[in-house]
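Colleague: Sharing a structure, written as structure tokens. Questions coming.
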Amino acid sequence: MQLIQQTWDLFKKEILLEWRSKYAFNGVLLYVVSTVFVCYISFSLSAGFVNSNSANYRITWNVLFWIIILFASVNAITKSFVQESRGRLLYYYSIVSPQAIILSKTIYNILLMSLLTVLALIVYLVFFPNTLGDPLFYFLSVLLGSISFSTVFTMISAIASKAGNNGTLMAILSFPVIIPVILLLIKISKNAMDGLDRSLSYGNIGVLCAINVIVIATSLLLFPFLWRD
């Protein structure tokens, strides 16, 4: 019960700090909008890409969207622990458990990325119109992707914050985990885009959920040791 209360208090603190500064939200939203706009300008120069009925367009549309979300997640979540001052971390160490800290960061990042991903999808559809065979299932795959990116990058950000070269270490550590995640998300969203039967994606969704559970469990086990450092 104490863990739940500590996690809730830290989560409210994250929301309050973000509401006051809006640094992460506005920065990543600007990155997403500008990236989509640059892609729109670039691909508009190619006459073949604007044909939304072609198979190549639909495949490229889906892959490009997840690439944009992937780098937006990195930009948003990398700062989770890096922005915390040493004095604040020492204060946290004296009043709350390490599990409450990693859980609150994970939940906050899930909420932040879910909101940003939905907004990114809306902006993306404005610039790159596309007909989704199963819009609801595609939307659910987008939310599942934001949850997966949040859990993975929150754990990696916690590890990288203890090293000097944060950016390089985060890229190296996240690569083995994020590659299967992004491949699964592309398959699930492509099935939703084509309007295929949802049961064809249940196996991939199960694997993705299993990865998220493993990552969260690993975070809860490893973060106390990182915290003592």
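The values are calculated or read from the model by the stated rules, or taken from the named source; none is laboratory data. Please read these numbers as outputs of a predicted model, since none were measured by experiment. FYI the Cβ positions are ideal-geometry reconstructions off the backbone, even for glycines, and counts take in every protein chain you see.
Colleague: Identify, please: which residue in the range 197-223 is farther than 17 Å from Val152 by Cα and touching a residue at least 40 places away in the same chain (Cβ under 8 Å) and is, among those, nearest to the chain's Cα centre (by Cα)?
Modeller: Ser201
Colleague: Between Phe153, Phe139, which is among the hydrophobic types (A, V, I, L, M, F, W, C), without any contact (Cβ under 8 Å) to a residue 40 or more places away in the chain and either in contact with a Phe, Trp or Tyr (Cβ under 8 Å, 6 or more places away or on another chain) or surrounded by 14 or more Cβ atoms within 10 Å (Cβ to Cβ) (or both)?
Modeller: Phe139
Colleague: May I pose another question? Between Ile41, Ile59, Ile67, which is touching a Lys or Arg at 6+ places or on another chain (Cβ under 9 Å), surrounded by fewer than 18 Cβ atoms within 10 Å (Cβ to Cβ) and at pLDDT 80 or above?
Modeller: Ile59
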